[in-house]
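A.B. asks: Following this message is one structure expressed as C-alpha cells.
None of the figures in this text is laboratory data; all of them are computed from the coordinates on show. Not measured: the values here are computed from a predicted model. Positions of Cβ are generated from backbone atoms using ideal geometry, with glycine treated the same way; all protein chains shown enter the neighbour counts.
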Amino acid sequence: MAGHDPTHILVIEESRVLREAIQDLLSGEGFDVTVTDGGVGARDLLQRRAADYDLIVVNLQAPAASQFDVVEWLRAERPRLGIPILAVTGPTRLALAAERLRGLEAAGVQDTRTLWDQLPYRVRAVLNPREADQRAAVRAPSGLPVNLRVGSTVTQGIIGNISRVGMFVKLEAPPASGQEALLQFILPDIAWLFEVRARVVWAARRDAGAAVPGMGAEFLNLEAAGASQINAYVRRELEKFGPLPRV
C-alpha cells in the first residue's frame, strides 16, 4: 500500500447515484476518493497512476462498456497492479457473484443494501486488517435511534456507526461543525441509558450535495464504564461479520 496520507481510493461504479453516495461516504470518513464510471476510463487511470491508489472499490455488476469488461481486466492485471480490491455487489444470484469474483482475489465484499452502515468498516478492514481487529476505537455499523439536543432544539437521528470515542449520526439537518450536542441512546442487551455530551467534528448536508446527510460526533464526557460497555457492544457486533475469505 502506498505511503501517502490520506488513503487514496479509486471507486469504479457505473451508477451515478451509487458513485456519488460512495464518494460522499468515504470522503466524510477522511479518505481521498477518485471516482470513475468504469470501463476504459478506469483502465486508463490505473495504467497511468496505479501507484497513486491504496484501494480499488469496484461494482461486480458493472456492465461491459464498449465491449470492455473492467472486472475481467482487473482480474488479468491483478498481479501487476498489486492493489487490494473491495468488490461491491447488489441483490443477485449467488452463482453469478461467485463467477465474477473468481480469480479477482478480492480482499472483501460489500453488499449495496448495507452500504451506508458497513462500507467504512469494510474499507478499514481491508486496508488495516490488524488495526481493524485490534484498535480500541474500532467502529461497528448500527441502525439504532439517537436523540440529539442542541440548545433548545431536540431531534432524532440514526446511528450510522459507533465506537467508544464517537459516532456517525444520519440526520437530515445536522448542526454545524464545532457545536456541542447532548446525545441519548441505548444499545441492545445493555441496561444503560447513554447520555453523552459530544462535539460535532464534521457535518454533511443534503443541500451541499451530500447523498447521506449527517454528522460525525466526538464524545466529550463518556465515563470509563460507558466506554467499556460500548467497546464490548462494538466487538460483539463485528464478530457477526467474521473474516471475509479471499475468493
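A.B. asks: How much length, in nm to one decimal, is gained on full extension between A225 and L182, taken as 0.36 nm per residue of separation minus their Cα-Cα distance?
C.D. replies: Extra length available between A225 and L182 comes to 13.7 nm.
A.B. asks: Residue-wise, which Karplus ³J(HN,Hα) couplings in Hz belong to the stretch 96-112, taking 6.51 cos²θ - 1.76 cosθ + 1.60, θ = phi - 60°, and x for glycine or proline?
C.D. replies: 5, 4, 4, 5, 5, 6, 4, x, 6, 6, 4, 7, x, 10, 10, 7, 5
A.B. asks: I would also like to ask the following. Could you give the nm distance between label points at A50 and R235, where each point is 7 Å from its Cα heading toward the beta carbon?
C.D. replies: Taking the simple label geometry, A50 and R235 are separated by 4.0 nm.
A.B. asks: Please turn the phi angles of the stretch 220-234 into ³J(HN,Hα) values with the Karplus equation 6.51 cos²θ - 1.76 cosθ + 1.60 (θ = phi - 60°), one per residue in order, whole Hz, x for glycine and proline.
C.D. replies: Result, rounded to whole Hz: 10, 9, 6, 6, 4, 5, x, 4, 5, 5, 5, 4, 5, 4, 4.
A.B. asks: Where Lys and Arg each count +1 and Asp and Glu each count -1, what net charge lies around V40 among other residues with Cβ under 14 Å from its Cβ?
C.D. replies: Charge balance near V40 sits at -4.
A.B. asks: Say R0 is 25 Å: what FRET efficiency, to the nearest 0.05, do L193 and V150 get from their beta-carbon distance?
C.D. replies: 0.85
A.B. asks: For the stretch 8-134, what is the convex hull (Cα atoms) projected area averaged across all directions, in square nanometres?
C.D. replies: For the Cα atoms of the stretch 8-134, the hull's average projected area reads 7.6 nm².
A.B. asks: According to the Cα gyration tensor, what semi-axes, each the square root of 5 times an eigenvalue, does the equivalent ellipsoid of the stretch 140-236 have, listed from largest to smallest in whole Å?
C.D. replies: 22, 14, 11
A.B. asks: Between the stretch 18-40 and the stretch 154-177, how many Å separate their Cα centres?
C.D. replies: The stretch 18-40 and the stretch 154-177 have Cα centres spaced 21 Å from each other.
A.B. asks: Any idea which of W73, V109, L26 is furthest toward the positive side of the dipole for the stretch 8-134, if Lys and Arg beta-carbons carry +1 and Asp and Glu beta-carbons -1?
C.D. replies: W73
A.B. asks: Arrange the following residues from fewest to most other Cβ atoms within 10 Å of their Cβ: D54, D189.
C.D. replies: Least to most surrounded, the residues fall as D189, D54.
A.B. asks: Just to verify a number: FRET efficiency for V17 and A98, C-beta to C-beta distance, R0 = 35 Å, to 0.05?
C.D. replies: Once rounded, the FRET efficiency stands at 0.85.
A.B. asks: Next question, about the same structure. On a full-extension model of 0.36 nm per residue, what is the gain between I158 and R80, subtracting their alpha-carbon distance, rounded to one decimal in nm?
C.D. replies: 23.9 nm
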